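The values are calculated or read from the model by the stated rules, or taken from the named source; none is laboratory data. Nothing here was measured: the structure is a model prediction, and the numbers come from that model. Here the Cβ positions follow ideal geometry from the backbone for every residue, glycine too, while neighbour counts run over all protein chains shown. Heads up: the accessible areas ignore ligands, DNA and RNA and are worked out on the full protein's heavy atoms, side chains in. Shrake-Rupley method; radii C 1.70, N 1.55, O 1.52, S 1.80 Å.
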Amino acid sequence: MAMCVEDRISSFPDPILCHILSFLPIKEAVRTSIISTKWRYLFASISTIKFDGYSMSGLTDRNIDSFKNFVDRLLKSPDQVRLDCFSLSHEICSWNDGDHDFDISGWICAALCRGVKEIDLQLSYLEDILPAVLFTCGSLVTLKLDAVGHKFKFPSDVCLGNLKTLHFRDSFFGDSILRLISNCHVLEDLAFIECDFYNTSEINIQTPSLKRFILDFELGGFGDLKYVVVINAPNLVYFQYTDVVAQGYTLSTMKSLEKAHISICGCDTIDSQTIATHLIQAICNVRSLRLTINAGIFRTSQLPIFHNLIEFEFLGRGFNGREIWLVEFLHHVPNLKTLTLNFPVVAGTQWKVLKVPSCLSFHLKEIEISCFNTHMIEMICYFLDNAMILEKLIINMDALTITQKKKTRNQLLQLVKSSKKCLKLVVIL
């Protein structure tokens, strides 16, 4: 006897069904049109339209025009609902490589006409593709542009009054980018990833509304920086900076800063140290800090006291004395609770003669060593002897051989036992 299966999903209201379809790849959303007459045109009312490279898989000279017409009808129909998101990405091939002649500019304009809130474009070439109206759109809340090697020049009347998120990747900028940012009056999230600035002596970000800022360049990719970094964003909650030392830093104190990732490299000279120290001084209120340096680039004698810092991850790359620098830095973080170390320790550091930071005596509860090597035993002894309220020690031995792991694990167990601390030891093999 055949079972009768009730179709409960089709009984949902159309807005809910459209919301469900918005999570599907566009091809799969279209395929639902064969389920029943109720589903036949539902895909045309979805508010999120995302095309990836797989959308072009299977396209030939015979069906390319049909695909173009489908996209045109999907985006340009006058009866369509407002768009939440329009996205083009190119995981396997490019939308604008010249072979297909897609009307990308027209698609963007159609999305803008439908009051789109988010546009996310990953395109290999942007010459003559981005319409000027994109940068004067009042409905945009999120704009993400990944444009390989493109030099952006923004129109003089640029204004994105409701934009809260602005991300750029792999692009180049002149002075006009500062005009764009200054006309995004409610901007909260700004990111430059693997970008570069040309023909400018200053990167000047004056955005009091900004809460999240990423300035993430490829370290060493562009040589010495010729510009000064100026940031006035007192309400930042998250700050990420990856670059070589700039010509100078002028930063307002970030009083609301919760988390910062700083990765900086430069020459171990008095000038570089002094300039870089201005950067670290501005984030003295941070609660969680991930710091990567390739030299003693921050002069510990000039560092502020990080009263709010309770989580610190240190990645010291390729410079002598990083162990001593670490201990000197810990003297500036009196309330630290969690310490993560991710750098190779070298033999020769006289740990027993180093003055003990107060955070070890009164606040430090957890230590994680992410890349353990056999030279770290003396350092671990230093922390076990002086971290008086330590509760948890995490050791990652992934880089050791099987024989070394077994020997070191037994050695660590003996050290913890002899320390007479009520301590949880976690060994990751």
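Say whether the condition of being in contact with a Lys or Arg (Cβ under 7 Å, 6 or more places away or on another chain), modelled with pLDDT under 90, farther than 19 Å from Arg317 by Cα and open to solvent by 20 Å² or more (accessible area, probe 1.4 Å) is met by at least one residue in region 215-228.
No: zero hits.
Could you grab me the full set of residues in region 181-200 that are part of a loop (DSSP other than H, G, I, E, B) and touching a strand residue (DSSP E or B) at 6+ places or on another chain (Cβ under 7 Å)?
Listed by number, the residues that qualify are Cys184, Leu187, Glu188, Glu194, Cys195, Tyr198.
When the residues of region 242-263 are narrowed to those that are among the charged types (D, E, K, R) and part of a loop (DSSP other than H, G, I, E, B), which ends up least open to solvent (accessible area, probe 1.4 Å)? Even if it seems obvious, please write down each step before you answer.
Of all residues in region 242-263, those among the charged types (D, E, K, R) come to 243, 255, 258-259.
Filter once more, so that each one left must be part of a loop (DSSP other than H, G, I, E, B): 255, 258.
On the way: Lys255: 156, Glu258: 87 Å².
Here the answer is Glu258.
So which of Asp79, Asp72, Asp52 ends up being among the charged types (D, E, K, R), open to solvent by 40 Å² or more (accessible area, probe 1.4 Å) and modelled with pLDDT of 80 or more? Even if it seems obvious, please write down each step before you answer.
On the way: Asp79 fails: modelled with pLDDT of 80 or more; Asp52 fails: modelled with pLDDT of 80 or more.
Matching residue, one of Asp79, Asp72, Asp52: Asp72.
I want to confirm something. Restricting to region 386-420 and keeping residues that are farther than 19 Å from Asn373 by Cβ and open to solvent by 40 Å² or more (accessible area, probe 1.4 Å), which single residue is nearest to the chain's Cα centre (by Cα)?
Among residues in region 386-420 that are farther than 19 Å from Asn373 by Cβ and open to solvent by 40 Å² or more (accessible area, probe 1.4 Å), the one nearest to the chain's Cα centre (by Cα) is Lys392.
Could you list all residues from region 140-158 that are within 25 Å of the chain's Cα centre (by Cα) and not in a strand (DSSP E or B)?
Of all residues in region 140-158, those within 25 Å of the chain's Cα centre (by Cα) come to 140-154.
Scanning region 140-158 gives Leu140, Val141, Lys153, Phe154.
In region 410-429, how many are part of a strand (DSSP E or B) and among the aliphatic types (A, V, I, L, M)? Explain how you work it out, then say what you get.
First, the residues of region 410-429 that are part of a strand (DSSP E or B): 424-428.
The next check asks that each one be among the aliphatic types (A, V, I, L, M); those that pass are 425-428.
Number of matching residues: 4.
Only residues that are assigned to a helix (DSSP H, G or I) and not polar (S, T, N, Q): list them for region 101-115, please.
From region 101-115, those assigned to a helix (DSSP H, G or I) are 104-113; that's our starting set.
Once the filter is applied, which keeps residues that are assigned to a helix (DSSP H, G or I) and not polar (S, T, N, Q), region 101-115 yields Ile104, Gly106, Trp107, Ile108, Cys109, Ala110, Ala111, Leu112, Cys113.
What number of residues in region 332-353 are closer than 19 Å to Ile389 by Cβ, open to solvent by 20 Å² or more (accessible area, probe 1.4 Å) and part of a loop (DSSP other than H, G, I, E, B)?
Adding up the residues that qualify gives 3.
Looking at (1) without any contact (Cβ under 8 Å) to a residue 40 or more places away in the chain; (2) surrounded by 19 or more Cβ atoms within 10 Å (Cβ to Cβ), which is the one condition that is false for Val158?
Tallying (1) without any contact (Cβ under 8 Å) to a residue 40 or more places away in the chain; (2) surrounded by 19 or more Cβ atoms within 10 Å (Cβ to Cβ), Val158 fails exactly one: (2).
Take region 109-140 and flag every residue that is open to solvent by less than 50 Å² (accessible area, probe 1.4 Å) and of a type in the set (A, V, I, L, M).
Scanning region 109-140 gives Ala110, Ala111, Leu112, Val116, Ile119, Leu121, Leu123, Leu126, Ile129, Leu130, Leu134, Leu140.
In region 264-280, is there at least one residue being modelled with pLDDT of 90 or more and surrounded by fewer than 19 Cβ atoms within 10 Å (Cβ to Cβ)?
Within region 264-280, not a single residue is modelled with pLDDT of 90 or more and surrounded by fewer than 19 Cβ atoms within 10 Å (Cβ to Cβ).
If you scan region 291-312, which residues turn out to be small (Gly, Ala, Ser) and open to solvent by 40 Å² or more (accessible area, probe 1.4 Å)?
Residue satisfying the conditions is Ser301 alone.
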